[in-house]
Amino acid sequence: MPDTAQPSPARLVIQQPEEARSFWQPVPANGFVRCLLDQAATGSETPFAFGTQTVDPGCHVREHLHDANEEIIFVIEGEGEAHIEGQVHPMRRNSCFFFPRSRAHSFHNTGSGPLTFVWCIMPGGLETFFARIGRPPAEGEAPPAAFPRPENVLQIEAETVFGTLPGKG
């Protein structure tokens, strides 16, 4: 039976939408990420990161895998496709995906509006990746024109939560 006499080291965190760390994302997603919670913000006993990503119509999150992380994706708006190891699965409101370590996947917005999903990665690190490749928005700023990924994106990926795709390393 767990020892409930010991208080949790975690902190209660309540965050309003405008308080999240946010980043415009480069091509090919051309969207927006909000990094809502992570172990640093909460002091949680279980390492994680949690946020949302919005992918513009006709854009995609390129194929990737996480060799040391598990990931949950929950679609809250829009329509698209999840390409997982050669198979295509619909992404629509309330679709949920769990990715064990090292499962290659990509997300494609096939709809006419934004595709927005919640992501949770365990342990964390995805929030660091988004901060390093993205651009923080200025208050009231309109979405920027498409901008390229940093030249050192492969190094950033290797230093955060991404593994090497089979046959591409």
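We did not get these values from a lab; they are worked out from the coordinates using the rules stated. Just so it is clear, the model here is predicted, and its values are computed rather than measured. Please note: Cβ atoms are built from the backbone with ideal geometry, for glycine as well, and neighbour counts cover all protein chains shown.
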(request) Report, in cubic angstrom per residue, the convex hull volume of the C-alpha atoms of the range 111-151. (result) 139 Å³
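Please compute the contact order of the chain in relative form: average sequence separation of alpha-carbon pairs under 8 Å and at least six residues apart, divided by the residue count, as a percent.
After rounding, I find 27 percent.
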(request) Could you run the Debye sum over the Cα atoms of the chain, one equal point scatterer each and no solvent, and tell me log10 of I(q)/I(0) at q = 0.09 Å⁻¹, two decimals? (result) -0.32
(message) I need two numbers for the range 81-138: Rg to one decimal and Dmax as a whole number, Cα atoms only, in Å.
(response) 13.3, 39
(message) If Rh is defined by the Kirkwood formula over all Cα pairs and Rg also comes from Cα, what ratio Rg/Rh do you get for the range 17-102?
(response) 0.96
(request) Could you order peptides 104-113, 80-89, 10-19 by the average number of other Cβ atoms within 10 Å of their residues, highest first? (result) 104-113, 80-89, 10-19
(request) With θ set to phi - 60°, apply the Karplus curve 6.51 cos²θ - 1.76 cosθ + 1.60 along the range 14-23 and write out the HN-Hα couplings as whole Hz, x wherever there is a Gly or Pro. (result) 10, 10, 8, x, 6, 8, 6, 5, 10, 8
(request) Could you quote the convex hull projected area for the range 73-169, Cα atoms only and averaged over all directions, in nm²? (result) 7.6 nm²
(request) Pull up all non-local amide H partners of N69: gap of 5 or more, or a different chain, and H-to-H distance under 5 Å with H placed in the peptide plane. (result) S102
(request) Bin width 5 Å, alpha-carbon pairs only: give the P(r) of the range 1-60 as whole percents, running from 0 to the bin holding the largest distance. (result) 4, 16, 19, 17, 14, 11, 8, 5, 3, 3, 0
